[in-house]
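A short reminder: the numbers here are calculations on the coordinates, not readings from a lab. Quick caveat: nothing in here was measured; it's all calculated off a predicted structure. Counting neighbours? That spans all protein chains shown, and the Cβs are built from the backbone with ideal geometry, glycine included.
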Amino acid sequence: MHAIDDGPESSTEPPEHEPSLLRFGWLFLAALVAATGWAFLGSDTPQRTAAGERVRPGDAYNPVTAGERLPDGFRQLLPRDAIAPVYDPTFVNAAQAGWPDATEVIGVEINGDARAYPVSFLGGRELVIDEIGGEPVLVSW
């Protein structure tokens with residue numbers, strides 16, 4: 001039998017090295033991710049609204065600002081929220097409106113409270129968020 005001579009006895013401890021630039025890069029990236037999460041997950045993050053829960057229009061969950069993506073294959077002509085809805089519309093009685101009798105409207109009556117939304121107006125704004133007879137309503141055209 002022959003023995004191999006390794007020379008002087010070698011140490012089992014790893015050699016000491018200065019921290020590498022790569023290690024600092026990973027630490028910087030981890031800190032950046034943590035700071036970004038902290039900034040975006042604060043109390044201003046929109047939360048989904050429970051079914052039946054009433055909220056003011058500005059406090060409602062907005063999928064656009066929440067960063068939700070459009071479904072695959074969805075062809076969108078206008079960007080999301082390009083047409084702003086009408087919030088809290090004002091009304092006059094039918095006699096004051098001065099509309100011809102043939103004016104097309106979307107009529108809604110809830111708990112004795114009646115509203116008429118002219119289709120000609122809805123063609124430009126498309127959505128009205130309102131409250132009729134104490135109930136929240138979204139009128140869409």
How would you rank ILE110, ILE132, going from fewest to most other Cβ atoms within 10 Å of each one's own Cβ?
ILE110, ILE132
For the range 83-141, what is the largest minus smallest coordinate of the Cα atoms on each principal axis, given in angstrom and ordered from greatest to least?
30, 28, 15
For ILE83, ILE129, order by how many other beta-carbon atoms lie within 10 Å, fewest first
ILE83, ILE129
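Counting other beta carbons within 10 Å of each Cβ, put VAL108, VAL137, VAL92 in order, fewest first. Spell out each step's value before the answer.
Numbers: VAL108 17, VAL137 14, VAL92 8.
Going from least to most buried by this count: VAL92, VAL137, VAL108.
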